[in-house]
Amino acid sequence: MSIEYGYILEVQFKSKEPELFFVERVSEEGLQLHTREGDPVFLSAEDNDIAEVVIVFIPEKPDYASIHSIQVGSWVKVYFKTNQEVLYGKILKTGSTLEIESNDVKYYIPVQYGLPKDIEKIERSVPPRIQREAVVELP
């Protein structure tokens, strides 16, 4: 069985008590996890201290969008790590890849194993029309 984004794992170590982790990203190098306290932890597949990894929870819908309550038609902001650029767009498709439309251009973000390394976060936003209506011009 493969490990995917959103799973909860119990990692049993040789040198310390077992710990629970949330799977943030899966890569060839290993697993980017979060502890119960939210602290990031990276576990390498080569780690000799790992005795066993047990999947203790698989979300009913284990895709990124469902876990973060992002549906088709939702508006999102995508924040990139490499620069201060923010992609603002509408979700057209969810699943293992998010399809986002912004200014008549479609972007495809693979999320089956977590966010790509160059993306800091994706957060829900409001449609542009609602944002404009919220701006009040003062005399």
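The values are calculated or read from the model by the stated rules, or taken from the named source; none is laboratory data. Since the model is a prediction, treat every value here as computed from it, not as a measurement. Cβ atoms come from the backbone with ideal geometry, glycine included; neighbour counts cover every protein chain shown.
If I filter region 74-82 for residues that are more than 15 Å from E123 (Cα to Cα) and either surrounded by 12 or more Cβ atoms within 10 Å (Cβ to Cβ) or without any contact (Cβ under 8 Å) to a residue 60 or more places away in the chain (or both), do I get at least one hit? Yes: region 74-82 contains one or more residues that are more than 15 Å from E123 (Cα to Cα) and either surrounded by 12 or more Cβ atoms within 10 Å (Cβ to Cβ) or without any contact (Cβ under 8 Å) to a residue 60 or more places away in the chain (or both). Where strands (runs of 3 or more DSSP E) sit wholly within region 1-79, those with at least 1 residues that are among the small types (G, A, S), out of contact with any His (no Cβ under 7 Å at 6 or more places or on another chain) and not assigned by TED's automatic domain parsing to the domain that holds T97 occupy 30-34, 40-44, 50-57. When region 1-49 is filtered for residues that are charged (D, E, K, R), loosely packed, with under 12 Cβ neighbours inside 10 Å and within 21 Å of P62 (Cβ to Cβ), the ones remaining, listed by number, are E28, R36. Residues in region 105-122 that are of a type in the set (A, V, I, L, M, F, W, C) and closer than 18 Å to V23 by Cβ were compared, and the one that is surrounded by the most Cβ atoms within 10 Å (Cβ to Cβ) is V111.
The set of residues in region 83-93 being at pLDDT 90 or above and either surrounded by fewer than 12 Cβ atoms within 10 Å (Cβ to Cβ) or basic (K, R) (or both) consists of K90, K93. Scanning region 97-117 for residues that are at pLDDT 90 or above, part of a loop (DSSP other than H, G, I, E, B) and within 30 Å of S2 (Cβ to Cβ), we see that the one that is farthest from the chain's Cα centre (by Cα) is P116. Checking each residue in region 1-44 for being free of Cβ contacts under 8 Å to residues at least 40 places away in the same chain and under 15 Å from Y64 (Cβ atoms) picks out F22, H34.
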